[in-house]
Amino acid sequence: MIESIAIIGSGCAGLTAAIYCARANLSPLVIEGSQPGGQLTTTSEIENFPGFAEGINGFELTDRMRKQAERLGARFLSENAVSVNFPTDVKKVGCSSSAIQAKAVIVATGAAPRMMSIPGEKKFFGGRGVSACATCDAPFFRKKIVAVIGGGDSACEEASFLANFCERVLIVHRRNEFRASKIMASRTRNNPKIAILWDSVLQEIFGDDKVRGIKIKNVKDNAVSEIKCDGVFLAIGHIPNTTPFKSVLAMDEDGYIIGNGQGAVETSVSGVFVAGDCSDKKFRQAITAAGMGCMAAISAERFLANEGFI
Ligand code: NAP
C-alpha cells in the first residue's frame with residue numbers, strides 16, 4: 001500500500017500537520033514513535049498556548065491534539081522511523097518493524113534539550129524545578145532565585161528573560177568567556193539582576209520534592225560549593241532528532257534540517273516537508289511548531305495536487 005502522506009513525529013508539529021492533512025481527506029499515517037507526544041509531554045503547565053485561559057498540562061494538550069487528529073481521520077503507527085529513502089517518486093520510511101511507502105512525507109521529529117547526566121537532573125525535570133525553556137516556565141519562578149547553565153545565546157537570552165521575573169539569576173558557565181554573540185553577552189553582563197559564575201560546572205541538583213539548590217565545582221581550584229536556588233534552567237544546547245535523515249536531507253552543521261522554500265517547510269527533497277524543532281533552533285515553541293505543522297501540511301497537499309497524486 002502506498003500512503004498519500006506519512007508524518008514522522010507526534011509532537012505539536014506532527015499532530016497539527018496530521019489535523020490539517022486529515023481535514024484535507026489525505027488520511028495521513030502518523031509514525032508516532034515509541035514515546036509519542038514530543039517535548040510537551042515532559043513539561044508541566046503550559047500558560048502560553050492560545051485558547052487555554054487557565055493554562056493546560058503539556059501531556060493533556062498533546063493528548064487532545066492526538067484525539068482531534070484521530071477523530072478527523074489520521075491513523076497512528078507506534079513505531080520509530082529508523083531509516084529513510086527519498087527517491088523522486090515513492091518515498092520509503094523504514095520503521096522498527098515495518099516499512100512505509102508514501103507519496104509525500106512530513107518530518108516533524110523534534111529535538112531534545114542536551115542534558116548533563118548529573119544527579120538530580122532527571123528527578124527534578126519537568127515541573128519540579130529543572131527546565132530547558134525559560135519562555136515556558138519563567139513565570140513559575142516569580143521572585144525566586146534560579147540558575148541558568150551554559151554560556152551561549154540561549155543561556156544569555158534565558159537569563160535575561162528570567163531576570164524579568166526572578167529575584168536573582170545566576171549563570172553557571174564552564175569557561176571564563178561567553179560563547180554568545182557580543183550584544184547578548186554584554187546585555188547579560190550589564191543586567192543588575194544577573195550574576196555570572198565563571199569557570200564553574202554544575203555537579204548536582206538537590207532538593208526534596210522541589211529543587212532547593214545546586215552543587216558547583218570551580219574548574220580552576222576544584223573548590224566545590226553549594227548554592228541555594230529554586231530552579232535550574234539548562235541552556236547547553238539542543239539535539240535535533242534527525243539521525244535517520246543524515247545525508248538524505250540538507251542540514252546545517254548542528255543537524256537541523258534546512259527549509260528550502262519560501263515558507264521554509266520545503267526540504268532539499270521534493271515531496272518531503274519539515275516542521276517544528278527539528279528545523280527550528282530559534283523559536284522552539286509549541287505554537288511555532290504547530291504553525292509550521294500547518295504550513296507543512298498545506299504545502300504537502302499542494303504538492304500532491306500539483307503532481308496529480310490526489
Ligand atoms: P550553543 O551555542 O551550543 O551553546 C551551548 C553553551 O553551553 C556553550 O556555552 C557551552 O559551553 C555550554 N555547554 C555545552 N555543553 C555543556 C556541558 N556538558 N556542560 C556545561 N556547559 C556546556 O547552544 P545555544 O546557546 O542553545 O545556541 C544554539 C544556536 O542557536 C546557536 O547558533 C545560537 O547562536 C542560536 N541561538 C540564537 C538566538 C538568537 O539569535 N536570539 C537565541 C538562542 C540561540 P562552551 O562555550 O564552553 O562550549
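Taking a ≥ b ≥ c as the square roots of the Cα gyration tensor eigenvalues, region 173-310 comes out prolate, since a/c reaches at least 1.5 and a/b is larger than b/c. Our summary of shape: the Cα atoms of region 98-195 have principal axis extents of 56, 32, 25 Å, ordered from largest down, in whole angstrom. Note on F52/S181: beta-carbon distance plugged into 1/(1 + (r/R0)^6) with R0 of 30 Å gives a FRET efficiency of 0.30. The orientation-averaged projection of the convex hull spanning the C-alpha atoms of region 50-93 amounts to 5.2 square nanometres. Close amide-amide hydrogen proximity is noted between S83 and G94, each under 5 Å apart and 5 or more residues distant or on a separate chain (H modeled in the peptide plane; Pro and chain starts excluded).
To the nearest 20 Debye, how big is the dipole of region 97-172 about its Cα centre, given +1 on the beta carbon of each Lys and Arg and -1 on that of each Asp and Glu? Kindly include the intermediate steps, with their values, before the conclusion.
Numbers: 9 positive and 6 negative charges, 59 e Å.
The calculation lands at about 280 debye.
Springs join every pair of Cα atoms under 10 Å in this Gaussian network model of the chain, and among G38, G276, G120 the largest mean-square fluctuation is at G120.
Over region 1-50, Cα pairs under 8 Å with separation of 6+ residues give a relative contact order of 41 percent. Estimated at 0.36 nm per residue, the fully extended path between N218 and N85 surpasses their Cα-Cα distance by 43.1 nm. Per residue, the average separation of C-alpha pairs within less than 8 Å and at least 6 apart gives region 1-138 a relative contact order of 31 percent.
Determine the gain in length on full extension of the stretch E45-I239; use 0.36 nm per residue of separation and subtract their C-alpha separation, reporting nm with one decimal. Intermediate values should be presented prior to the final figure.
Working: separation 194, 0.36 × 194 = 69.84 nm, distance 2.32 nm.
Once the chain is fully extended between E45 and I239, it gains 67.5 nm.
In square angstrom, what is the accessible area per residue of the chain with a 1.4 angstrom probe?
Numbers: 14920 Å² over 310 residues.
In whole numbers, the chain has 48 Å² accessible per residue.
Can you tell me which of 233-241, 92-100, 215-223 comes out highest on packing, and rank the rest after it, using the mean Cβ neighbours within 10 Å? Before the final figure, lay out each step's value.
Numbers: 233-241: 21.8, 92-100: 15.3, 215-223: 13.2.
Going by the mean number of other Cβ atoms within 10 Å, highest first, we get 233-241, 92-100, 215-223.
In this rough spin-label picture, where each label sits 7 Å from Cα along the Cβ direction, the I227-S268 distance is 4.1 nm.
Mean separation of Cα pairs under 8 Å and 6 or more residues apart, divided by the residue count, gives the chain a relative contact order of 21 percent.
How much space per residue, in cubic angstrom, does the convex hull of the C-alpha atoms of region 10-151 take up? Write out the running numbers ahead of the final one.
Numbers: hull volume 21.0 nm³, N = 142.
Dividing the Cα hull volume of region 10-151 by its residue count gives 148 Å³.
Kirkwood hydrodynamic radius, the chain, all distinct C-alpha pairs: what's the number in Å?
20.4 Å
Remark on the chain: C12, C21, C95, C156, C166, C229, C278, C294 stand apart, with no other cysteine beta carbon under 4.7 Å.
For K215, a cut-off of 27 angstrom between C-alpha atoms picks up these lysines, skipping any fewer than 8 places away in its own chain: K122, K123, K143, K144, K193, K228. Applying 0.36 nm per residue to the separation of K123 and K193 and subtracting their alpha-carbon distance, the gain on full extension is 22.4 nm.
The values are calculated or read from the model by the stated rules, or taken from the named source; none is laboratory data. Predicted model only: the values in this text are computed from it and were never measured. Cβ coordinates were reconstructed from backbone atoms using ideal geometry, including for glycine residues, and neighbour counts include every protein chain displayed. Protein only, heavy atoms only, side chains kept; ligands, DNA and RNA dropped before computing areas. Shrake-Rupley method; radii C 1.70, N 1.55, O 1.52, S 1.80 Å.
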